[in-house]
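Report on one structure; see the data block that follows.
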Amino acid sequence: MAPKQMTSEKHEFKAEIKQLLDILVHSLYTSREIFLRELISNASDALDKLRFESTKGTDILDKELPLEIKINFDEKKKLLTISDTGIGMTKEELINNIGTIAKSGSAEFLKQLKDNKSDVNNIIGKFGVGFYSVFMVAEEVVIKTKSFKKDSPEVEWKSDGLGNYEIEEINNDLKRGTIIEIHLKEDAKDFAEKYRLESTIKRHSNFISFPIYLENEKINTISALWREPKNKITKEEYTEFYKFLSYDSEEPMDTIHVTVDAPIQFSALLFVPKKNFDLFGFNREDYGLDLYVRRVLIQHKNKDLLPEYLSFVKGVVDSEDLPLNISRETLQENVIFTKIANSITNQVLSYLLKKAKDEPEKYAEFWKEHGRVFKLGYSDFTNMEKYSQLLRFNSSTSSNADQLTGLEDYVSRLIDGQKEIYYAFGNSRDAIALDPHLEIFKRKGIEVIYLYDPIDEFVVTSIRKFKDFDFKSVDSTELNKLEQLKDVSEKENKFQSLDNDDEKQFDSLLAKIKAILGDRVTEVKESKRLSDSPACVVSAEEGMSASMQKILRLTNKDISVQKKVFEINKDHKLIRNLLKIFKSNSNDEYIGNVAEELYESALLLEGSLNDPYKLVKRMNQMLEQSSEWYTEVKKL
Ligand code: ADP
Ligand code: MG
């Protein structure tokens, strides 16, 4: 046979890959062994993909080849080879898969990697760049690969990881799959020693579900831990499996092992990590459970087995009752799959409820780490009851910002006659505590839930009620229900009540203020809720709460400031003085200035003042004026 014409092509790595390689080559010595985990995991992925193709009935090259991973080494030559009988790659795939960083956010990833060199271990595998870690130990890497697709030639790829790679079609005798030859650097030559290899594989790759042979000796022992009976599994095994699965270096916070036989058979081994995994906030897509059917991996990171708000859960699910040849695209329409997913969601929520009840301190730790993600579940109407019970908030009863309460507890502390759950929204606990709207609640001894995360507002407006109690924002108008309740702390009566004549004058003053503010307010009325503040604005009963309007404005929904009711505290020094001024000259311009100032300050407090310039200008004028009076009084 005439030798085939073979030409070698030179390609340059993309700029971002060069950067990545540069970082990896200089990265910490201690994390270097993870290159082996990454290459074995790629081999295992390639085998999973092959098995998946074969269950679908795709025509496969050398169908009879066993699915396995082989590792060989030659100490003298400082050579390590890792081979698999997986799907292999065509030339195009080789260029596309090994020449580019596939996932988005890679620039950010590179930056983070640069800043946190020691974390290479934890993050490298998550960004679709695991292969390159081999250059931490290699001075040259050769990939030989042959695709499972019939008639695709074997291809060879070669690089020293500096800037270029060479690629060429070769005539060789690889049956199917991929061989990776690693020419080790002098200071990494221990990776061509049996002991080093064996311990590294055991540490990171023990649960790979295909046999791994090190020089013909099978070394990974455990697979499909989730199928073992619970009482046979040690805590160490669970932890080891969790670390294998998640790349976490710590043990999990919780382990949830579920086996269900009827009506549908499935096992799920789930973990709640100790730390929120959304490393830099841009890795949102990196979640999901691995789905197996009869121990065959069907899909990595399936995102439909759990709702997004439980995406912090890691783990695997395996069922006997799903068809092996199910396609990933139709999974969601499969009734059995949906039932399994619902059952798993339910199991996780029940687990958390039990934890919240039995170990509230531990639940608080869970909430601190994963609560923000959990709150996203406000639209899961099916599980609304459990969801609401699991929520935690800060409230006026908490002694500090870290102390949280659940709705169940809130409801147990309702005062006599209280029919609603009250909440206030603000920038921080301190800010909310100063909100004038809360004055009446303090007087009545009613607990108010403090919300400071923007999402909280969506949570309370979409769950609407807990048990029989509606959520109500403290800045809504309808507070007559509260007025009837007994005061716990007497409102200090520094002022005599007004006589009949003054009452009438006060009403006229309110009318005057309404005339000054005009269309900007729907009504000006006497306040029953204020103790220490002179005035506040409140939302119409059915209107949107102030904070919701603010959120909508922030998200650029066109919404002008909703008209408010403006409330005036009759028992406030400023207002009493204003009444005096009004009585002597109802057209005194001071009244106009005060009315404007109070109104705009109230808007400012609730975050809906659009234009602070007038307020500041007016305030400066008034300060100037009062400084005159002050110097006169003090005879300065
Ligand atoms: P990831 O595994 O997260 O996709 P890697 O950098 O580890 O990222 O690998 C990049 C790609 O190279 C893989 O997605 C796969 O398509 C291909 N690949 C790597 N190793 C193998 C292999 N042994 N067999 C087949 N394809 C492979
Ligand atoms: Mg990989």
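The values are calculated or read from the model by the stated rules, or taken from the named source; none is laboratory data. As the structure is a computational prediction, the values presented were derived from the model and not from experiment. Neighbour counts run over all protein chains shown; Cβ positions are idealised from the backbone, glycine included. These area figures cover heavy atoms from the full protein model, side chains too; ligands, DNA and RNA do not enter into them. Shrake-Rupley method; radii C 1.70, N 1.55, O 1.52, S 1.80 Å.
If R₀ is 51 angstrom, what is the calculated FRET efficiency for the pair Glu93 and Arg372, using the beta carbon separation as r and rounding to 0.05?
Working: r = 39 Å, r/R0 = 0.76.
In this case the efficiency is close to 0.85.
In degrees between 0 and 90, to the nearest 10, how far off the longest principal axis of the chain does helix 589-605 point, with axes built from Cα atoms?
Approximately 20 degrees, to the nearest 10.
How far, in degrees from 0 to 90, does helix 500-517 lean away from the longest principal axis of the Cα atoms of the chain, to the nearest 10?
The answer is roughly 50 degrees.
Would you tally the net charge around Lys362, using a Cβ to Cβ cut-off of less than 12 Å, leaving Lys362 out, and scoring K and R as +1, D and E as -1?
Details: positive: Lys274, Lys354, Lys355, Lys357, Lys368; negative: Asp254, Asp358, Glu359, Glu361, Glu365, Glu369.
Residues close to Lys362 contribute a combined charge of -1.
Give me the aspartates and glutamates in straight-line cross-link reach of Lys150: C-alpha distance below 19 Å, same-chain residues under 8 apart excluded.
Partners found: Asp48, Glu53, Asp59, Asp62, Glu64, Asp84, Glu92, Glu93, Glu168, Glu169, Asp173.
Under 16 Å between alpha carbons, and skipping anything fewer than 8 positions from Lys525 in its own chain: which aspartates and glutamates qualify?
Asp475, Glu478, Glu483, Asp502, Glu503, Asp507, Glu541, Glu567, Asp571, Glu596
Given the DSSP H assignment, sum -39500 (n - 2.57) over each helix run of at least 4 residues in the chain and divide by its residue total; what's the result at 222 nm in deg cm²/dmol, nearest 500?
Details: 20 runs with 236 residues, N = 636.
Taken over the chain, the calculation gives -11500 deg cm²/dmol.
My understanding is that a pair violates if its Cα-Cα distance is over 21 Å; which of Lys494/Lys614; Lys243/Lys301; Lys18/Lys146; Lys614/Lys635 do that in this structure? The partial results should precede the final answer.
Values: Lys494/Lys614 33 Å; Lys243/Lys301 16 Å; Lys18/Lys146 26 Å; Lys614/Lys635 31 Å.
Violating the 21 Å limit, Cα to Cα: Lys494/Lys614; Lys18/Lys146; Lys614/Lys635.
Starting from the Cα-Cα distance between Lys56 and Ala401, subtract it from 0.36 nm times their residue separation and give me the gain in nm to one decimal. It would help to have the intermediate numbers written out before the result.
On the way: separation 345, 0.36 × 345 = 124.20 nm, distance 5.49 nm.
Length gained between Lys56 and Ala401: 118.7 nm.
Could you compute the longest span of the chain free of GluC sites (Glu not before Pro) located in DSSP loops and having at most 10 other Cβ atoms within 10 Å, not counting the site residues? Could you put the intermediate results ahead of the total?
Working: sites that count: Glu64, Glu329, Glu490, Glu492, Glu542.
For GluC sites (Glu not before Pro) (loop position, at most 10 other Cβ atoms within 10 Å), the longest site-free span of the chain is 65-328.
With 18 Å as the limit, write out which pairs from Lys504/Lys563; Lys419/Lys467; Lys303/Lys339; Lys444/Lys504; Lys194/Lys218 have Cα-Cα distances beyond it, or answer none.
Values: Lys504/Lys563 26 Å; Lys419/Lys467 11 Å; Lys303/Lys339 15 Å; Lys444/Lys504 29 Å; Lys194/Lys218 13 Å.
Over 18 Å apart, Cα to Cα: Lys504/Lys563; Lys444/Lys504.
For the chain, give the percent of accessible area contributed by carbon and sulfur heavy atoms, probe 1.4 Å, rounded to a whole number. Please report the intermediate quantities before stating the final value.
Working: 15360 of 31720 Å².
C and S atoms contribute 48 percent here.
Calculate one ³J(HN,Hα) per residue across the stretch 143-155 by plugging θ = phi - 60° into the Karplus curve 6.51 cos²θ - 1.76 cosθ + 1.60, and present them in order as whole Hz with x for glycine and proline.
Result, ordered by residue: 10, 10, 8, 9, 5, 5, 6, 5, 6, 9, x, 6, 10 Hz.
Could you work out how far apart the two model spin labels at Asn346 and Arg203 are, taking each label as a point 7 Å from the Cα in the direction of the beta carbon, and quote it in nm?
With each label point 7 Å from Cα toward Cβ, the separation is 4.3 nm.
Can you tell me the accessible area per residue over the chain, all protein chains present, probe 1.4 angstrom, in square angstrom?
Details: 31720 Å² over 636 residues.
Result: 50 Å² of accessible area for each residue.
Using r as the Cβ-Cβ distance of Asn427 and Asp487, and R0 as 41 Å, what FRET efficiency do you calculate, to the nearest 0.05?
Details: r = 29 Å, r/R0 = 0.70.
Result of the calculation: an efficiency of 0.90.
Kindly work out what percent of the DSSP beta bridges joining two residues of the chain are antiparallel, to the nearest 5. Working shown, then result.
Working: 65 of 86 bridges.
Approximately 75 percent, going by the DSSP bridge assignments.
Going by accessible area, probe 1.4 Å, with all protein chains left in place, what is the ranking of Leu297, Leu636, Leu605, largest first? The partial results should precede the final answer.
On the way: Leu297 10, Leu636 150, Leu605 125 Å².
So, going from the largest accessible area down, we get Leu636, Leu605, Leu297.
I want the local charge near Leu579. Using Cβ-Cβ distances under 13 Å, sum +1 for each Lys or Arg and -1 for each Asp or Glu among the other residues. Can you show the working numbers first?
On the way: positive: Lys504, Lys512, Lys570, Lys573, Arg576, Lys580, Lys583; negative: Asp499, Asp501, Asp502, Glu503, Asp507, Glu526, Asp571, Asp588.
Net of charged neighbours comes to -1.
Considering every Cα-Cα pair within the chain, what fraction, in whole percent, is farther apart than 47 Å?
On the way: 77943 of 201930 pairs.
Percentage above 47 Å: 39.
Give me the one-decimal nm value for the distance between modelled label points at Glu140 and Asp453, 7 Å along each residue's Cα-to-Cβ direction.
Output for this residue pair reads 5.4 nm.
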